[in-house]
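One structure is given here, and the rest of the page talks about it.
Any read-out appearing in this document is the output of simple, stated calculations on the displayed coordinates, not a laboratory observation. This is a predicted model, so every value here is computed, not measured. Here Cβ is always computed from backbone atoms with ideal geometry, including for glycine, and neighbour counts include all displayed protein chains.
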Amino acid sequence: VKRPMNAFMIWSKIERRKLTESDPGLHNAEISKRLGKSWRMLSDAERQPYIDEAIRLKNFHAKQFLGYKYRPKKK
């Protein structure tokens, strides 16, 4: 079962698409660095819609998969 996306993942999914359209030659590592830097520069008010959506997804996931608890597999 996949975990629900957190606020950063929701935001970065949208922003990653914009970045790759504006500069298709960028490598994933550079895109990730830019996304991280941009996310840290957002104000709390700008982040709030993504936080709200993450909470909504988390609650939906909890209802859909009752009793689910993330247990990473040891390597």
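Some points to look at:
- The simple Förster model, with R0 at 25 Å and r as the Cβ-Cβ distance, assigns S38 and H61 a FRET efficiency of 0.45.
- Size descriptor, Kirkwood hydrodynamic radius, that averages inverse alpha-carbon separations across the chain, Å: 14.2 Å
- Fewest-first ranking of R47, R71, using other Cβ atoms within 10 Å as the exposure measure: R71, R47
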